[in-house]
Each structure stands twice: as C-alpha cells, then as structure tokens.
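K.L.:
Got a structure for you, written out below as structure tokens; questions coming shortly.
Laboratory data are not the source of any read-out in this text; all were calculated from the coordinates shown. All figures in this text were calculated on a predicted structure; none of them were measured in a lab. Neighbour counts run over all protein chains shown; Cβ positions are idealised from the backbone, glycine included.
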C-alpha cells in the first residue's frame, strides 16, 4: 500500500486543507439540493409552513457553510456544516418516528429513496465536519 509523503498527508488531514474544504462544500451543497428537490424546487411547498421555513433555513445554512469553507473560514464553516448535517437527521427521525405537529405524512416512511440518500450525505458530512473540528482543536491545543 502506497502512502502519501508526510507533507502531502498532513495537507489532506489539516482541517483547513483545500481537499477537506472542497468535500465539505460538496456535502453542504448536496444537503441543500436534496431538500430543494424534496420541496418541489424553489420556492417549493412543504406543509405545514413551519416545516417549509425549516427547509429554507437548512438550505440557506448549507449555502452559507459552503461559502465559509470556500472563503477559508474553516472553523466557522465546519461548525455550521455540522449543524447542516445534524439538523435534517434529527428532523428525519422525528418526522418518521413520532411525527411532528400537524405533519404526520412521513410517519413510518423510513425507506423513502430521497430520504435515505439524504441520510447518507448528511452522515458523511457529519463525520467530515466532526473530524475537521477535532483535528483543528488538537492543533490549537498542541
């Protein structure tokens, strides 16, 4: 198995590295795009209205997190990316499990294809953002 030279390996692992940030940008924009598709485009419709507003907030947060990562504001970008990943995972579990107020359409619908794709993307983004933040905190402490 071939290993990266130490300088190149360190660049890929660094939380502010271009490769890591680009993966974060792709993940954040993918989460936003999946939710735009789920609501039927822009401006889209999702009832009740509070669910629609949460979709809008998530989509905006995904774009802002991607912009922060592109602008080399790595720590802020990763913190927001973590929220972009965790928020919809919690929403998925609540909407499929007990349901949300005035929103029971998805109760028990655990295998909806777009929902499963969304969970995979969000899970990957969560792992990436958490790893980047942990690596960044270790560098600051060391």
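K.L.:
Once you keep just the Cα pairs under 8 angstrom separated by 6 or more residues, what percentage relative contact order results for the chain?
P.N.:
30 percent
K.L.:
If you line up the long axis of helix 49-70 against the longest principal axis of the chain, both from Cα atoms, how many degrees apart are they, to the nearest 10?
P.N.:
10 degrees
K.L.:
By average Cβ neighbour count within 10 Å, what is the ranking of 53-64, 121-132 from highest down?
P.N.:
Taking the mean over residues of other Cβ atoms within 10 Å, the ranking is 121-132, 53-64.
K.L.:
Taking only Cα atoms, what is the 0 to 90° angle, nearest 10, from helix 18-38's long axis to the longest principal axis of the chain?
P.N.:
10 degrees
K.L.:
Normalized C-alpha radius of gyration of the chain, against 2.2 N^0.38 Å?
P.N.:
Expressed relative to 2.2 N^0.38 Å, the Cα Rg reads 1.17.
K.L.:
In percent, how large is the relative contact order of the range 59-142, given Cα pairs closer than 8 Å and 6 or more residues apart?
P.N.:
RCO, the range 59-142: 30 percent.
K.L.:
While we're here: By counting other Cβ atoms within 10 Å of each Cβ, how are 50, 92 ranked from fewest to most?
P.N.:
With the fewest neighbours first, 50, 92 line up as 50, 92.
K.L.:
What do you get for the angle between helix 113-141 and the principal long axis of the chain? Use alpha-carbon atoms, 0 to 90 degrees, nearest ten.
P.N.:
Rounded to the nearest ten degrees, it is 40.
K.L.:
Continuing with this model, one more query. Ignoring everything except DSSP H segments at least 4 long, calculate the 222 nm mean residue ellipticity for the chain; use -39,500 (n - 2.57) per segment, divide by total residues, nearest 500.
P.N.:
Here the helix-only value at 222 nm equals -25000 deg cm²/dmol.
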